[in-house]
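Okay, so here's the structure we're looking at.
The values are calculated or read from the model by the stated rules, or taken from the named source; none is laboratory data. As the structure is a computational prediction, the values presented were derived from the model and not from experiment. Cβ placement follows ideal geometry from the backbone for every residue including glycine, while neighbour counts extend to all protein chains displayed. Accessible surface is based on the protein model in full, side chains and every heavy atom, while ligands, DNA and RNA are left aside. Shrake-Rupley method; radii C 1.70, N 1.55, O 1.52, S 1.80 Å.
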Amino acid sequence: MNPTANPVVSPVIALATWLSLLPLGALLEGRAHLVEAALLVTVVGIIGALGALLGLGRGGTYALQVVGGVAMLVWRGLMLGPGDTGFLGTFRALVQEGSATIAASAPPLDATNGVVFLILALTALVQLVLELLVNVLEQPAWSFAPLALGYVVAGIAASEELTVPTFAVVAGSYVLLLLVATGIGEGHRAARASRSGAFHLTRAGLALLLTVGGVAGAAAVQPLLPMGSKQPWQDTQSGPIQLGDPTVALNENLRRPEDVPMFSYTTSTGAPSYFRTVAMPDLTNDGVRLIPMTLRNFGLSGAYSAPGVPLEVEVQMRAVPSEYLPVPFAVDDFSADGVWSYDPETLAVVATGADRQQQTVNLRYTASSTVPSPSPEELDAAEAGQGVDPITTVVPDVDPRVAELTRQVVEGAGTAGQKAQRIQSFLRGDDFEYSLDAPQTATLDVVSSFLLEDRYGYCIHFAAGMMTMARIEGIPSRMAIGFNSGTQQEDGSFLVTSHNMHAWPELYFEGLGWVAFEPTPAVASPPSYTDADPTGPSAPEPSPSPSPSPTNQSESPEDDPQVPVPPTTRPVPGAGDDAAWVLPTVLGLLGLALVAAAPLAIRTAQARWRLRPGQGPAELAAGAWREVRATFVDTDRDWPDGSPGPASRAVAGSVPEPELLRGIALAVERATFSREPVDPTALPDQVQRLRRALYADAPWWARWWPRSLWGR
Amino acid sequence: MIRGARPTIRGIILFVAGAVLAGIAGAIGEPDLMWLGLFLCVLPLLSLVVVVALQPRLEYARSLNPAQLPVGERLEVVVRLRNVYPLAATTLELHDAAPVSLGGGARFVVARAFGRWDQAVRYGIQTEQRGRFLVGPLTARVGDPLGLATSRVHPRGEESLLRVTPKLWPLTEAKRGLGVGATGEAAPQRIGQAGQDDVLVREHRHGDDIRRIHWRMSAKQGELMVRLEEHPWDPSALIITDTRRLAHVGEGPSSSLEWTISAAASVAVKLSDDRYRIVVAGGSGTIYQPHQLTGVAQRQGLIDAFTDIGASDERELAAILAESESLDATGSLIVFSGQLSVQDAATLTSMGLRMAKPSAIVPDAGAWGLRSAEHGDAVRLLRASGWAVEQYGPGEHMPTVWARLMVRQAAA
């Protein structure tokens, strides 16, 4: 098929591929990926060179290269991966590990085995696409796209700009590839001077000059052009987001005498639901705190999975500014105006737009959640869960009597679930009293005295107390802040006011996930899956404390020690959202199909045009002969010299249907040279028959990539 | 564009892709990506500069060996190319144009850079068609090393004229009896033994000049007798070549028209070499007049005339007689014709009355697939009028046919 394949091209492609990986060094630590990639590209390049030298033909060489590349990839994958998970499991593990590293960390990444394997796969892909473009399809101009892939990825993902020398390397490799793949002309009787070596050196020198000039020109022109703002799709503040301490708002709202409506909601089941804004896992000596969160924009539905009951809510906020979106735990999806991110650990939904605090003002939104709701038997049988952030199991330096008390409370309980219920019942029992008179913070000393002596407080104390006692027993726990169910209105919706703001603990169980508990008495009934209250049903209505007198408790929160929460990190875009990929993928595939079919369509139209009826015989003959020539070029046959008659004789040996070709040639000659009117109506049919015969003898892709369209 | 330079499709693609990439990079505020886009834009522009600045300045001289040859033979073309611009460094693709019937010309590549150079290139042309052709001009396409820009260059030089003559068969058979002495009369009477007036006479015929009457013989015979002039040897011949399109079958080099022309040319050249004066008629009149030329000069003129003959649109051979003054005083008549009708045969017969030993070479109806029955009748008519008629088939060896004709003529 291609008897004069240039054996230099494949090694140059290998070199260019390897060079195109150099910009990725800005994103990675270490050079392990370069070494691995060098091995891979060398092997595939050598296969290509050998194929060209041995005259294997384009398709055969390319198939061998694909096989070689895949084999190298498999071998290195088996070498790099964990050796204990079986053949497919190794690759799955590598890919998962690499993707997780890439998604979770910011550049520069650690070059773990998974990341190296992914880069190796990228290298193989780039090299095989380059081989396809340059050797098989003979369109080296488009090779800038795969070569620039590494550079583009590094340019977008890295925060600092790439340097001109890095760019020069990529540009140089592209020009080198173009130089090697471009022939110096088609001349059947090529008269080559004895100095063709010097000529090629000159070409190389000129190409080098072109590269230098191009790089210099680009670098010189770029500062003169207008540039937009950097990465506008992230649309976030350039710095980290400061989140306030939620307990401050909690204390404010509970102590304000006016009951300000916050929002109203309706649920899909008609039953009420708690709404949560954020969960605080850090139990320190100075109180319960948030930890820095890594916010994400996509992938909410897959971030947390635990069994539960699906619930949809529709919420209408009042004019209440909030940097969190109240949603029932555990939220799967929500639809709200504004820019929101979420924390994959706690499933808190945070406003990240330009005007963050105002995003919830008068906002109407919907959310769907999976509310944890185990059966009492399941809870009784549950054990403490593993695999969560260890900060949720840290037992603070609490008074040893608290540990003793806890042991007493849970005595006789077998499983963690039973222990938790014991603690909740203990706190809801007669010993404890709800009162807003207690200190506003939940420091360790306050919690200790609350549990041991005072035994009165409000939601934060009960929640912090249950958190502490649960951690002593080894159950991971965190404090959730939000709103309890609110009051039902006549139309079936629920109204939530500022006095409904609440804190409760969430405990983590094996197989059940984070489960909410309600240790605070006089606010709401305990959850259905726990033991009922030992003393009669408590008041279902949330009511402020019997003595809401602002005596010592000042309304101004500025007296309280405002400990600024450690800043959260920048939101990082993660993996794609679930249903949103379908439509673009379908459109993309359609577009690809159209683009792929375009050359075939154009060529067929051209053939029809050339053979159209209603032309004069001379034009028809000329068009028919052009069409025959074009078909020869398409099917990669040599086009003989001379007028039609001798030409058809010259190739009679190498085409199918030589008689048909001879007949066509004769008819064309007659129509062209003879001055008598000649009837050429049989020509179009003959030419179409010949085309079919020639295509039948040619590779399948000759139809889809007609080279005659490109003038070759 | 400047000096004919323009970007190739590849260059345009790169430019557009680079512009799009630069635009996107500007919109998302990434200067390093914009470099990439600008580089792709700048590269074709630089290539254009290379093509314009480093173009060669070419001159050439072409020679055809030989410049005149019979159809079907092969000639050699040598082109001597010279570059006078020392900074030329582009790829150079040359095309020496030629008409389609000569194979469309030749393409070749010259790989030279930086410096003045001379290069000779040689290629062959296989001729298939008779006629006069211009070989050339030489054009060149230059390109840059990356294939992003191209330009057309026109080297300085002339086109060359090629004459493809009809195939000239070697006729070794000596022509007997044509044009010897007589002007085509019937066999003369010899009156008396060796008398004083040893002169040849024949009976007077209507139209003979009164001054030629031999009165003494007339008194003896009782009939008017006319003296036979002893003309000087008048070696001349009239060759009629039937070039009517209607009369011929076949297309291209294997048609009966080409065979006829080739046969007529062969005979004309042979006779010219034997120092005959040849007049060639055909089509709508005279094709060739000797105009006092004989020998080698006449030969070249004949060959030129036969080279340029094309098919004519006449319907009857009588159209040749439209210019009949020049056709009178010639010695013998040879006709090379296609398909004949009876009318044509009558015309030929009347022409042949005044000529010596008229002969004709006509196509063989059966072998050529001629459907007309008139052709056979015409041949019979000619033969009955004393013509020597010989038939040829497709692609037949002309000297063989000629030999047969000579035999027939000698027998008549």
How high is the relative contact order of the stretch B:344-405, in percent, counting Cα pairs under 8 Å that sit 6 or more residues apart? 41 percent
Once all protein chains are kept in place, residue A:437 shows an accessible area at probe 1.4 Å, nearest 10 Å², of 70 Å²
Tell me, what ³J(HN,Hα) does each residue in the stretch B:143-157 have, in order and in whole Hz, if you take phi through Karplus 6.51 cos²θ - 1.76 cosθ + 1.60 with θ = phi - 60° and put x for Gly and Pro? x, 8, x, 9, x, 9, 9, 8, 8, 9, 10, 10, x, 7, x
With θ set to phi - 60°, apply the Karplus curve 6.51 cos²θ - 1.76 cosθ + 1.60 along the stretch B:124-136 and write out the HN-Hα couplings as whole Hz, x wherever there is a Gly or Pro. x, 10, 9, 8, 10, 9, 7, x, 10, 9, 9, 9, x
Return the long-range amide H neighbours of residue B:287 (sequence gap of 5 or more, or a different chain), with a cut-off of under 5 Å between placed amide H atoms. B:280, B:281, B:282
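For chain A, which whole percent of the accessible surface, found with a 1.4 angstrom probe, sits on carbon and sulfur atoms? All intermediate terms of the calculation are to be shown ahead of the outcome.
Working: 19240 of 32340 Å².
For chain A, the apolar C and S fraction of the accessible surface comes to 59 percent.
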In percent, how large is the relative contact order of chain A, given Cα pairs closer than 8 Å and 6 or more residues apart? 12 percent
Please work out the C-alpha center-to-center distance from the stretch A:474-509 to the stretch A:682-712 and express it in whole Å. 74 Å
Accessible area, probe 1.4 Å, largest first, for residues B:215, A:705, B:387: B:215, A:705, B:387
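Taking the Cα centre of chain A as origin, work out the dipole magnitude from +1 charges on Lys and Arg Cβ and -1 charges on Asp and Glu Cβ, in debye rounded to 20.
On the way: 43 positive and 70 negative charges, 1233 e Å.
Dipole about the Cα centre, nearest 20: 5920 debye.
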Probe of 1.4 angstrom, ligands and nucleic acids ignored: what's the accessible area per residue over the protein assembly as shown, in square angstrom? 45 Å²
Using the Cβ atoms and a cut-off under 11 Å, what net charge is assigned to the surroundings of residue A:480, where Lys and Arg are +1 and Asp and Glu are -1? 0
Tell me which of B:235, B:160, B:15 sits at the most positive position along the dipole axis of chain B, charges placed on C-beta atoms (Lys, Arg +1; Asp, Glu -1). B:15
Binning every alpha carbon pair distance of the stretch A:417-493 at 5 Å from zero, what are the percents per bin? 3, 14, 24, 22, 17, 8, 6, 4, 2, 0
Enumerate the amide H contacts of residue A:371 below 5 Å, restricted to partners 5 or more residues apart or on another chain; note that Pro and chain-start residues carry no placed amide H. A:309, A:311, A:330
Tell me the angle of helix A:87-104 to the major Cα principal axis of chain A, expressed in degrees between 0 and 90 and rounded to the nearest ten. 70 degrees
For peptide B:43-54, compute the average count of partner chain beta-carbon atoms within 10 Å of each residue's beta-carbon. 3
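Using the Cα centre as the reference, give the magnitude of the dipole from point charges on the C-beta atoms of the stretch A:9-224 (Lys, Arg: +1; Asp, Glu: -1; all else neutral), rounded to the nearest 20 debye.
Details: 8 positive and 10 negative charges, 170 e Å.
Magnitude of the dipole: close to 820 debye.
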With solvent modelled as a 1.4 Å probe, how much accessible area in total do chains B and A shield from it at their shared surface, in Å² to the nearest 100? 5200 Å²
What do you get for the angle between helix B:398-411 and the principal long axis of chain B? Use alpha-carbon atoms, 0 to 90 degrees, nearest ten. 10 degrees
Near the amide H of residue A:333, under 5 Å away, which other amide H atoms are found, from residues 5 or more places off or on another chain, if H is placed in the peptide plane? A:368
Dipole of chain B (Lys/Arg Cβ +1, Asp/Glu Cβ -1, origin at the Cα centre): which of B:114, B:225, B:75 lies farthest to the positive side? B:114
I'd like the antiparallel share, as a percent to the nearest 5, of DSSP beta bridges with both residues in the protein assembly as shown. 75 percent
Got the relative contact order for chain B handy, in percent, Cα pairs under 8 Å and 6 or more residues apart? 13 percent
³J(HN,Hα) computed for each position of the stretch B:106-119 - Karplus, 6.51 cos²θ - 1.76 cosθ + 1.60, integer Hz, glycine/proline x: 10, 10, 8, 10, 10, 10, 9, 8, 6, x, 7, 8, 10, 9
Area accessible to solvent at residue B:347, 1.4 Å probe radius, in Å²: 20 Å²
Heavy-atom accessible area, 1.4 Å probe, ligands and nucleic acids excluded: residues of the stretch B:10-32 down by at least 40 Å² from chain alone: B:10, B:13, B:14, B:28, B:29, B:30, B:31, B:32
Could you give the angle, 0 to 90 degrees to the nearest 10, between helix A:164-181's Cα long axis and the longest principal axis of the Cα atoms of chain A? 30 degrees
Using all C-alpha to C-alpha distances in the stretch B:345-400, build P(r) with 10 Å bins and read off the rounded percent in each one. 23, 49, 26, 1
Helix-only estimate, please: 222 nm mean residue ellipticity of the protein assembly as shown, summing -39500 (n - 2.57) across DSSP H runs of length 4 or more and dividing by its residues, to the nearest 500. -12000 deg cm²/dmol
With every protein chain in place, the accessible area of residue A:15 for a 1.4 Å probe, in Å² rounded to the nearest 10, comes to 80 Å²
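Rounded to a whole number, what % of the accessible area of the stretch B:58-165 do carbon and sulfur atoms account for, probe 1.4 Å?
Values: 2000 of 4300 Å².
Whole-percent figure for carbon plus sulfur exposure: 47.
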With the convex hull built on the alpha-carbon atoms of chain A, volume per residue in Å³ sits at 238 Å³
